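The values are calculated or read from the model by the stated rules, or taken from the named source; none is laboratory data. Because the structure is predicted, anything quoted here is derived from the model rather than measured. When we count neighbours, we look across all protein chains shown, and the Cβ atoms used for this are built from the backbone with ideal geometry, even at glycine.
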Amino acid sequence: MSAAHDPDHNPAGLTVELGRDIPIRLDCGVEMDRVVVAYQTYGRLNADKSNAILICHALTGDHYVADPHPLTGKPGWWIDLVGPGKLLDTDRYFLICSNVLGGCMGTTGPKEVNPATGKPWGQSFPVITIGDMVQVQARLVDSFGIDQLFCVIGGSMGGMQVLEWCASFPERVFSAVPIATAARHSAQNIAFHEVGRQAIIADPDWRGGDYLEQGTYPKRGLAVARMAAHITYLSEAALHRKFGRNLQGDRDAFSYGFGADFQVESYLRHQGSTFVDRFDANSYLYITRAMDYFDLAAEHGGVLANAFKGTKTRFCVASFSSDWLFPTWESREVVHALNAVAANVSFVEIQSDKGHDAFLLDEPEFHATLGGFIEGAARHRGLTAKGGRP
Amino acid sequence: MMMTLGNGSLRVDLKLIADMVEPGSRVLDVGCGDGTLLSWLGDKKQVDGRGIELSMAGVSAAVAQGLSVIQGDADTDLKDYPQGAFDTVILSQTLQATRAPKDVLSNMLRIGRRAIVSFPNFGQWRVRAGLALGGRMPVTDTLTYEWYDTPNIHFCTIRDFTELCRALNIRIDTAIALDRDGAVLPMSGAGWLANLVAAQGLFVLSLGD
């Protein structure tokens, strides 16, 4: 089912080219004057342009929030939340989600052709930051003539973008929902990313990043990177519940070899092999780097609260009890910084054993809390309540 | 915790607190439960309300009503707020469950212009009698826990509390003695009689000169 019963809705998504008039200046100093952004919208922008919600996707996500993925055919990654009458109600709100800068689903990134050379960017693509991604999103929001977003929402790396939005464009964010995220990437998380990057770089088919030109693909390296990362998205309890030490269906004893004896091995291999069909290895390097560089306090004199000084944004911070990739204490640090500037903030740690991925899954308590927050924010923004449309 | 008595009316002691809050003021309710008091204050007095609550169920219920509530507790989450962030900071029936009541009180009056605090009075005759005559840790209508499962780790009497206020240079602007149902008793809330008779004390505090 497509999220919108909107006849104009294009499930394949849309693109726009930005930066021609005013180049986009990246944190690394490079200026880009032709940035293509692939994005998707749901619902309709109201007359005073006050009902727009920007959804920020995570590391390997994209703008197919509530449409089937064009490569895998799987339902949109937040189909549980986005649709008519759902929590992010496409009958009431205008939802925007764009593929991040450096991504590989249509937005300018290492996989795309560099107009200056006629060849894929590959490793000549500039190193990007979360701030750069947000800057491009801001240009996209400009292109709709939207001054202030009703809400910016996202989990994990999407949550980093939410926080960056609130720090860089505070007056443009009426409400913000950073989920399962942190104001800086931890040493442990950088370490996991480095394992993934080294797996890609060590694959001979990576060819110094030039694989597209040389007709190879580092799929073994990228698959290993995904396997390692995937473990960090789950919890020990979730892995145990799902697989335990169970052997694969057709086996009743060890093979005394290195095939996938255990179900969990087979599951991870599957995760790795399907990932390489939909994701670009260089994109993976660039986007993980952007997350590693993220440190909002460092950008504000070492004091996180400074990032939010004078903010009028209404915040709803959420974490999950079994998330060890972005543990609750990191969300609490954000909350404490917001308290220090007397910001309007709600915070809840949801009890769940599903690990980091819980933000993508059916978590009724989380959805109830989030729904109440959005509804409350809509009331304060003067957006018409459900069933009370003019 | 159920705080309402049906059809939107507040529990007696909460109504008493609610009546003391100025319309349109900034309020922090520490230990706000499901947000009943904040919700009432928002609807009836248009306050800019915030809450802190320990339980996920409480926070969820409060946020789901559109209230601004964070999961946390009085011991760890008051220190971050800037000085004078609130007009009124409320701590209802929670002081005795905090690890450092003295720091909590000090923080409340740092971040708020005034504080409203209510707590069970351990000096009440029932408690005294329970210990003196029964020889057991008292379990009463307002103190229902056994010694081994109580979250209440810092009990005090009304007199203990007024002594602490004096030591911290905290001014007692209002002192009200309450019975076990939260009804007001006709006596000075800070006096010796209150300390003997009241099941609960309700105090409005500000910093002394």
Exercise for the section: State all residues of the stretch B:153-180 that are over 14 Å from residue B:124 (Cα atoms) and charged (D, E, K, R); if no residue qualifies, say none. Expected result: B:163, B:166, B:171, B:173
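Which of the residues spanning the stretch A:341-358 are among the aliphatic types (A, V, I, L, M) and either assigned to a loop (DSSP other than H, G, I, E, B) or at the interface with another protein chain (Cβ under 10 Å from one of its Cβ atoms) (or both)? Reasoning before the result, please.
Of the residues in the stretch A:341-358, the ones among the aliphatic types (A, V, I, L, M) are A:341-343, A:345, A:348, A:350, A:358.
Once the filter is applied, which keeps residues that are among the aliphatic types (A, V, I, L, M) and either assigned to a loop (DSSP other than H, G, I, E, B) or at the interface with another protein chain (Cβ under 10 Å from one of its Cβ atoms) (or both), the stretch A:341-358 yields A:341, A:342, A:343, A:345, A:348, A:350.
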Practice task
Take the residues in the stretch A:94-109 that are crowded, with 24+ Cβ neighbours inside 10 Å and either over 18 Å from the mean Cα position of the chain (by Cα) or without any contact (Cβ under 8 Å) to a residue 60 or more places away in the chain (or both), then tell me which one is farthest from residue A:281 (Cα to Cα).
Solution key: A:95
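Conditions tested, residue by residue: (1) over 18 Å from residue A:362 (Cα atoms); (2) among the basic types (Lys, Arg); (3) not assigned by TED's automatic domain parsing to the domain that holds residue A:107.
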site	(1), (2), (3)
A:19	yes, no, no
A:22	yes, no, no
A:33	yes, no, no
A:49	yes, yes, no
A:53	yes, no, no
A:80	no, no, no
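Can you pull out every residue in the stretch B:27-47 that is touching a residue at least 24 places away in the same chain (Cβ under 8 Å) and either at the interface with another protein chain (Cβ under 8 Å from one of its Cβ atoms) or polar (S, T, N, Q) (or both)?
Filtering the stretch B:27-47 down to residues touching a residue at least 24 places away in the same chain (Cβ under 8 Å) leaves B:27-40, B:42, B:44-45, B:47.
Listed by number, the residues that qualify are B:36, B:39.
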Exercise for the section: Could you run through the stretch A:170-196 and say how many residues are surrounded by fewer than 18 Cβ atoms within 10 Å (Cβ to Cβ), over 18 Å from the mean Cα position of the chain (by Cα) and not acidic (Asp, Glu)? Expected result: 5
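Going by what's in this entry, would residue A:376 be described as facing chain B (nearest Cβ under 10 Å), surrounded by fewer than 22 Cβ atoms within 10 Å (Cβ to Cβ) and at pLDDT below 95? Give the steps one after another, and end with the answer.
On the way: facing chain B (nearest Cβ under 10 Å): yes; surrounded by fewer than 22 Cβ atoms within 10 Å (Cβ to Cβ): yes; at pLDDT below 95: yes.
Here the answer is yes, as residue A:376 does meet what is asked.
Quick check on the stretch A:49-70. Is at least one of its residues assigned to a loop (DSSP other than H, G, I, E, B), exposed (fewer than 14 other Cβ atoms within 10 Å of the Cβ) and either of a type in the set (Asp, Glu) or out of contact with any Cys (no Cβ under 7 Å at 6 or more places or on another chain) (or both)?
So the first thing to find is which residues in the stretch A:49-70 are assigned to a loop (DSSP other than H, G, I, E, B), and the list is A:49-51, A:57-70.
Remaining after also requiring exposed (fewer than 14 other Cβ atoms within 10 Å of the Cβ): none.
No; the residues of the stretch A:49-70 include none that is assigned to a loop (DSSP other than H, G, I, E, B), exposed (fewer than 14 other Cβ atoms within 10 Å of the Cβ) and either of a type in the set (Asp, Glu) or out of contact with any Cys (no Cβ under 7 Å at 6 or more places or on another chain) (or both).
Table: residues versus (1) in a helix (DSSP H, G or I); (2) surrounded by 23 or more Cβ atoms within 10 Å (Cβ to Cβ); (3) of a type in the set (Phe, Trp, Tyr); (4) in contact with a Ser or Thr (Cβ under 7 Å, 6 or more places away or on another chain).
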{"site": "A:287", "(1), (2), (3), (4)": "yes, yes, no, no"}
{"site": "A:290", "(1), (2), (3), (4)": "yes, yes, no, yes"}
{"site": "A:312", "(1), (2), (3), (4)": "no, no, no, no"}
{"site": "A:339", "(1), (2), (3), (4)": "yes, yes, no, no"}
{"site": "A:383", "(1), (2), (3), (4)": "no, no, no, yes"}
Handout entry: Criterion: buried (at least 22 other Cβ atoms within 10 Å of the Cβ) and within 24 Å of residue A:61 (Cβ to Cβ) - qualifying residue of A:281, A:238
Key = A:281
Problem - residue B:8 being on the phi > 0 side of the Ramachandran plot, of a type in the set (Gly, Ala, Ser), over 14 Å from the mean Cα position of the chain (by Cα) and at pLDDT below 95 - result: yes
Exercise for the section: Give the residue that is farthest from residue A:340 (Cα to Cα), with candidates limited to residues of the stretch B:49-98 that are at the interface with another protein chain (Cβ under 8 Å from one of its Cβ atoms) and surrounded by fewer than 19 Cβ atoms within 10 Å (Cβ to Cβ). Expected result: B:65
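Would you point out which residue out of A:33, A:8, A:21 is in contact with a Lys or Arg (Cβ under 7 Å, 6 or more places away or on another chain) and modelled with pLDDT under 95?
Sole residue among the options that is in contact with a Lys or Arg (Cβ under 7 Å, 6 or more places away or on another chain) and modelled with pLDDT under 95: A:33.
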Problem - In the stretch A:312-322, residue farthest from the chain's Cα centre (by Cα) [restricted to those that are more than 11 Å from residue A:179 (Cα to Cα) and more than 9 Å from chain B (Cβ to nearest Cβ)] - result: A:312
Exercise for the section: Test residue A:244 against the stated conditions and say whether it is on the phi > 0 side of the Ramachandran plot and not assigned by TED's automatic domain parsing to the domain that holds residue A:160. Expected result: yes
Exercise for the section: Would you point out the residue of the stretch A:323-334, among those that are part of a helix (DSSP H, G or I) and surrounded by 24 or more Cβ atoms within 10 Å (Cβ to Cβ), that is farthest from the chain's Cα centre (by Cα)? Expected result: A:334
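What helices (runs of 4 or more DSSP H), lying completely within the stretch B:13-121, carry at least 2 residues that are of a type in the set (Val, Ile, Thr)?
Details: elements: B:36-45, B:56-64, B:74-77, B:101-111.
Passing ranges, in order: B:56-64, B:101-111.
Quick one: is residue A:26 surrounded by 24 or more Cβ atoms within 10 Å (Cβ to Cβ) and modelled with pLDDT of 95 or more? Talk me through it step by step, then tell me what you get.
Values: surrounded by 24 or more Cβ atoms within 10 Å (Cβ to Cβ): no; modelled with pLDDT of 95 or more: yes.
No; evaluated as a whole, the condition is false for this residue.
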Problem - In the stretch A:96-120, residue modelled with the lowest pLDDT [restricted to those that are among the hydrophobic types (A, V, I, L, M, F, W, C) and out of contact with any Leu (no Cβ under 6 Å at 6 or more places or on another chain)] - result: A:116
Exercise for the section: Tell me, yes or no, whether the stretch A:295-309 has at least one residue that is facing chain B (nearest Cβ under 10 Å) and under 21 Å from the mean Cα position of the chain (by Cα). Expected result: no
Exercise for the section: Give A:53, A:79 a once-over and let me know the one that is of a type in the set (Val, Ile, Thr) and either closer than 20 Å to residue A:357 by Cβ or free of Cβ contacts under 8 Å to residues at least 12 places away in the same chain (or both). Expected result: A:79
Exercise for the section: Answer yes or no: is there a residue in the stretch A:371-382 that is among the acidic types (Asp, Glu) and in contact (Cβ under 8 Å) with a residue 40 or more places away in the chain. Expected result: no
Exercise for the section: Kindly indicate whether any position in the stretch B:124-139 is among the β-branched types (Val, Ile, Thr) and in contact (Cβ under 8 Å) with a residue 40 or more places away in the chain. Expected result: no
Practice task
Among the residues of the stretch A:323-340, write down those that are facing chain B (nearest Cβ under 9 Å) and out of contact with any strand residue (DSSP E or B) (no Cβ under 8 Å at 6 or more places or on another chain).
Solution key: A:336, A:337, A:340
